[in-house]
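Please treat every number below as a calculation from the coordinates, not as lab data. Remember, it's a predicted structure, so these values are computed and weren't measured experimentally. Methodologically, a virtual Cβ is constructed for each residue, glycine included, from the backbone with ideal geometry; neighbour enumeration extends over all protein chains shown.
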Amino acid sequence: MNESTARQIVLAARPHGKPKLTDFRLEEIAIPMPASGEVLLEVQYLSLDPYMRGRMDDRNFLAEYGVEGVGDVMFGETVARVIASNHPDYAEGDIVLAQTGWRTHALSDGARLKKLDPAVAPITTRLGVLGMPGFSAYSGLRLIGKPQPGETVVVAAASGPVGSLVGQLAKIAGTRAVGIVGGPAKCAFVKDELRFDAAVDHRAADFPAKLAAACPNGIDVYFENVGGAVWQAVLPLLNNFARVPVCGLIAHYNETGSGECADRLPATMREILSKSLTLRGFIFNEFAGLLYAEFLREVGAGVADGIIRYREDIVNGLEKAPEAFIGMLDGHNFGKVIVRVGV
Ligand SMILES: NC(=O)c1ccc[n+]([C@@H]2O[C@H](COP(=O)([O-])OP(=O)(O)OC[C@H]3O[C@@H](n4cnc5c(N)ncnc54)[C@H](OP(=O)(O)O)[C@@H]3O)[C@@H](O)[C@H]2O)c1
């Protein structure tokens, strides 16, 4: 690669089940030149997020959302630096939140850029705790979970950017916070660093019994990030009138629809009816107009004061993005996965 070369990662093939490295391809192209009204961005950090798995299929599991064509650059949110500007609102050196996708350089007409002030918070936080995942945690818990003091809130994928904030906000709301994670190191982090009341390892053989022991008064709010076996262990523990914000179902993202999952719908519906449960799915942008400013103010202050903690799992080099993404779907990440692209 030389200085006038940009790199990008495209979808090389649609995965069947778990993605493989050969489903991605690294390409080199000439760095594009900005036309009038455009800026040229140099990507500093790329966010890797579970939703990207749905964009690799020919039909996204999030029915309303798009997919990549084979050969298209993978979609993704980034923090980038303006390195040339023919746009009146942006100057060279500006740092912006952008949707450039998995690449080192991109052109933008400015329409979907958000200027960031690096003095307010470390810029990587705008991809994690103060970004889309953090807002998903904040809005889903506040508007659907509605935790009340003394209640028990349970969240899975609890060391990741969504789950870690859910548990910490649940503590701030005066509830008992229980995190479900994979492995002892993540259990220790969630309990000791994030100060949840309890952490349970979903990979342990006696996981359902351990979860029940960690929730002696049942579960009032289950923030659903995972689905699968974790949901099956949670369901019998839900209290009457429990609320379940359904944020993600990562245990199912690699499923091929060929019947891996037994149909437990009748039993689930019986629980919903008999316990007057509320299950409500949401996509974060539904709530952006309602409380995004409040989120940035409140969680931003908590992060600045150190009351709200976060962990980032930073991977060096755009070429490492496919491996890091595949690893995240298997729980190999420890914290918000961010690729350092060009810093
Ligand atoms: N609705 C929305 O608007 C919205 C927005 C953002 C994110 N989400 C969803 O929220 C969830 C969490 O996202 P995130 O960015 O915070 O991800 P993350 O926690 O950084 O990464 C995903 C984690 O999921 C866990 N996991 C994977 N497969 C699992 C399984 N079969 N059973 C149990 N846990 C499993 C792994 O953690 P362990 O090692 O601890 O198991 C893995 O590290 C995802 O489902 C995502 O799609 C939804």
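Considering only the other residues whose Cβ falls under 12 Å of the Cβ of Asn86, what net charge follows from Lys and Arg at +1 and Asp and Glu at -1?
Local net charge: -4.
What nm distance separates the two modelled labels at Asn285 and Lys18, each placed 7 Å from Cα along Cα→Cβ?
3.1 nm
Considering only the chain, what is the antiparallel percent among its DSSP beta bridges, to the nearest 5?
If we restrict to bridges inside the chain, about 55 percent are antiparallel.
For the pairs Lys146/Lys171; Lys20/Lys320; Lys115/Lys146; Lys191/Lys336, note any where the Cα-Cα span goes beyond 20 Å.
Pairs exceeding 20 Å: Lys115/Lys146.
In a Gaussian network model over the chain where Cα atoms closer than 10 Å are linked, find which of Glu64, Glu42, Glu319 has the largest mean-square fluctuation.
Comparing Glu64, Glu42, Glu319 in the GNM, the peak value goes to Glu64.
For region 134-159 and region 232-294, what is the separation of their Cα centres, given in Å?
For region 134-159 versus region 232-294, the Cα centre distance is 13 Å.
For region 1-157, what is the relative contact order in percent, using Cα pairs closer than 8 Å and at least 6 residues apart in sequence?
22 percent
When only C-alpha pairs under 8 Å and at least 6 residues apart count, what is the relative contact order of the chain, in percent?
17 percent
Loop only by DSSP, 16 or fewer other Cβ within 10 Å of the Cβ. Give me the chymotrypsin sites (Phe, Trp or Tyr not before Pro) in region 163-236 that pass, ordered by residue number.
Loop-located and lightly packed - none at all.
Quick check on the chain: take the gyration tensor over C-alpha atoms, sort the square-rooted eigenvalues as a ≥ b ≥ c, and tell me if it's rounded (a/c under 1.5), prolate or oblate.
It is prolate, given that a/c is not under 1.5 and a/b is the larger ratio.
Would you calculate, for the chain, the mean residue ellipticity at 222 nm contributed by helices, counting each DSSP H stretch of 4 or more residues as -39,500 (n - 2.57) and dividing by all residues, to the nearest 500?
After summing the helix terms and dividing by the residues of the chain, the value is -7000 deg cm²/dmol.
Scanning the chain for helices, which whole DSSP H stretches are 24 Å or more long along the axis (Cα) and average 0.0 or more by Kyte-Doolittle?
Flagged H segments are 288-305.
Which residue fluctuates the most in the chain, going by a Gaussian network model with Cα springs under 10 Å, if the choices are Val129, Val153, Val82?
Maximum among the listed residues: Val82.
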